[in-house]
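Remarks on the structure that follows.
Values quoted throughout were computed directly from the atomic coordinates according to the rules given, and no laboratory measurement underlies them. Bear in mind that the values here come from a model prediction, so they are computed numbers and not experimental data. Counting neighbours? That spans all protein chains shown, and the Cβs are built from the backbone with ideal geometry, glycine included.
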Amino acid sequence: MLASALAHPDLNRSHGQVAPVTLNARQTAAARILVVDDDPNLLRMLRRGLILAGYAVEAVEDGEAALRLAREEEPDLVVLDVMLPEPLDGLDVARRLRAAGSQVPILMLTARSQLEDKLAGFQSGADDYLPKPFAFEELLARVGALLRRRGRDEEPEPDTRLRYADLELDPAMREAWRGGQPLDLTAREFDLLSFFLRHPRQVLTREQVFRGVWGSEFLGSSNIIDANVYCLRTKLEVGGQARLIQTVRGVGYALRV
């Protein structure tokens with residue numbers, strides 16, 4: 001079972017001091033986090049800090065153990081270091097989780113901060129990317145943002161469905177339909193469609209899309225957005241249905257008939 005106990009983390013200055021965190025009962029009861037890092041000191045600090053923040057935490061030091069626990073425990077979020085001992089590094093773990101159909105949010109940690117490294121992380125299936133060293137408060141903020149985006153921290157509101165043309169999306173249930181037929185979307189595709197449905201008929205730049213969906217700094221000329229839009233379009237246009245996500249050349253995209 002995922003561990004949960006209150007203990008003040010012994011975080012050093014390089015990783016920041018833990019500030020008091022107030023969470024509602026839904027957050028503390030639901031959010032289970034798997035932390036994967038081969039640095040035992042950092043692993044211990046992260047585990048204790050997240051427990052103090054109200055999360056249930058399991059911590060492991062290698063990729064094989066991470067995959068096993070992800071299957072057994074089904075965590076709500078994975079904090080995953082890139083540099084893990086062989087045979088599986090963090091990128092391998094993320095790829096295998098996605099290949100197995102897991103939609104669990106992944107926050108990637110790494111000492112590398114170059115554009116190529118970020119691209120590799122996102123392309124492997126990561127949802128967010130946090131370079132080391134980092135302030136623990138920032139990690140907490142990103143964990144909370146990823147969980148909220150998944151819908152775990154928010155109470156569903158009445159009739160929050162988003163609609164445009166023959167598209168319909170339920171943010172609380174994380175379900176979507178076109179023409180009344182259910183859409184089988186990945187977590188990223190769902191978030192992307194949700195963002196477009198919240199801004200119908202608007203021309204959105206790639207930077208706006210990236211910030212609205214990924215929530216991290218814009219990656220410039222990367223093809224991450226284009227690739228995800230392509231995959232989403234493929235599912236929306238099955239059977240020759242009309243294109244709704246239009247490309248606005250030199251700018252970005254727009255959801256419009």
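For this structure, a couple of remarks:
- Euclidean distance between Cα centres, the stretch 112-133 to the stretch 42-101, Å: 16
- Placing a label point 7 Å from the Cα of residue 68 along the Cα-to-Cβ line, the residues of the stretch 92-110 whose backbone N sits under 18 Å from it are 93-94, 96-97.
- Straightening the chain between residue 135 and residue 223 buys 28.8 nm, computed as 0.36 nm per residue apart minus the Cα-Cα spacing.
- Exposure proxy for 108, 173, 45: other Cβ atoms within 10 Å of each Cβ, ordered fewest to most, give 173, 45, 108.
- Footprinting exposure proxy for 177, 214 (fewest neighbouring C-beta atoms within 10 Å first): 177, 214
- Inverse mean reciprocal Cα-Cα distance (Kirkwood Rh) of the stretch 162-255, Å: 13.5
- With the simple spin-label model, which puts each label point 7 Å out from Cα in the Cβ direction, the residue 115 to residue 148 separation comes to 3.0 nm.
- Fewest-first sequence of 76, 184, 38, 127 by Cβ atoms within 10 Å of each Cβ: 184, 38, 76, 127
- The local environment of residue 246, defined by Cβ-Cβ distances under 13 Å, has a net charge of +4 under the rule Lys, Arg +1 and Asp, Glu -1.
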